[in-house]
1. Using only alpha-carbon positions, what ratio does the radius of gyration of the chain give when scaled by 2.2 N^0.38 Å?
2. Checking the cross-link filter: which aspartates and glutamates have an alpha carbon closer than 14 Å to that of LYS98, excluding same-chain neighbours under 8 positions apart?
3. Using protein chains only and a probe of 1.4 angstrom, how many square angstrom of LYS82 are accessible, to the nearest 10?
4. Just order 179-189, 83-93 by mean Cβ neighbour count inside 10 Å, highest at the front, would you?
5. About the Cα centre, and with charges only on the beta carbon of Lys, Arg (+1) and Asp, Glu (-1), how big is the dipole of the chain? Nearest 20 debye, please.
6. Helices from the chain with mean Kyte-Doolittle at least -0.5 and a Cα length along the axis of 20 Å or more, per DSSP H: which?
7. Using the Cα atoms of the range 172-297, I'd like the radius of gyration and the largest Cα-Cα distance, Dmax, both in angstrom.
8. Is the range 113-253 rounded, prolate or oblate when judged by the Cα gyration tensor, a ≥ b ≥ c being the square roots of its eigenvalues, rounded requiring a/c under 1.5 and prolate requiring a/b larger than b/c?
Amino acid sequence: MKKWLYKMYINLLGAIAHLPFKVLYFISDCMSFVVHYIIRYRLSLVRRHLLLVFPDMTIKERLTIEKGFYHHLCDIIVETIKLLHITDAELKEHIKVKNVQLVDDIALQKRPVILLLGHFGNWEWVQEILYRFKVMRIGGEIYKPLRDPVFNDVMYHIRQRFSRNLLISQNDAARTLIRLRQNDEPFCIGFISDQRPDRHHLRYWTKFLGQDTPFIVGGEHIGQKIGAEILYMDIEKPSRGHYILTFRPIQPQSQAPDYPYTRSFLKMMETSIRRSPELWLWTHNRWKHKRNDSSIS
């Protein structure tokens, strides 16, 4: 049954992926209306989050962000499906990458790069950066396996569209990156670091978007162990289906008692979100737990 479902999903999504972007975005528009106004997917959660973060905004201003978010969410879905059938040349037309030389300069020093980013913009298209490097030859991402084993295999297949992309399970991150470092070959590995941590991962509590928030600190923890340079991936969306990805150095907070890179990353992430709030994943139950909640200790 699992194998049959997997083939069905891949064939169905593959057929959709053959559609031109114009048709895919029409589908996205229709889907956005259904998800937002009919299914009302996590709508109360989105509204609660927007009220927490932007209490001084008018209701109309928050509703504008809400509407933009659902449109963007559905765009991400069709853009991710499109990865099953898109050429490198087509993808290059949709993505502009800035400051690539920063990564290649680090690679020339034989040092790895830990790239911190969030569920912002289109994180599934970020792997395209691997084709922009001239010196850095190894790249990949840390992923969290999905609960549904069939859909997890489908997403793994989609992400394998980038042939140079190493897909490393969150549970295997430390030992895999330490082993790569021992080979003395530079690499660039992305960590999506704005997820809510579970009981199995190191966490750090801080104020984020005005809320007391726990964060995964594995990227910085592993990066320090292997002597990596830690960078931030900023994402902008100048127009529909087009993204600007910029590598930015992270200046660690010198006065921070712990996790100085994570502290600086979160400040940069917050700046990006406040600049374009509709591009962040507001449906994620980010503030489910409180600092003294024993369920995540």
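1. That works out to 1.00 for the chain.
2. Filter leaves GLU128, ASP234, GLU236.
3. In the full protein context, LYS82 sits at about 10 Å².
4. Those peptides, ordered most packed to least, come out 179-189, 83-93.
5. Working: 44 positive and 30 negative charges, 103 e Å.
It comes to approximately 500 debye.
6. Helix filter hits for the chain: 2-17, 59-82.
7. In Å, with Rg to one decimal and Dmax whole: 15.6, 43.
8. On the way: a/c = 1.13, a/b = 1.07, b/c = 1.06.
In terms of gyration-tensor shape, rounded.
The values are calculated or read from the model by the stated rules, or taken from the named source; none is laboratory data. What you see is a predicted model, and the numbers here were worked out from it, not measured in a lab. Positions of Cβ are generated from backbone atoms using ideal geometry, with glycine treated the same way; all protein chains shown enter the neighbour counts. Ligands, DNA and RNA are stripped out before the accessible areas are found, and what is left, the full protein with its side chains, is counted by its heavy atoms. Shrake-Rupley method; radii C 1.70, N 1.55, O 1.52, S 1.80 Å.
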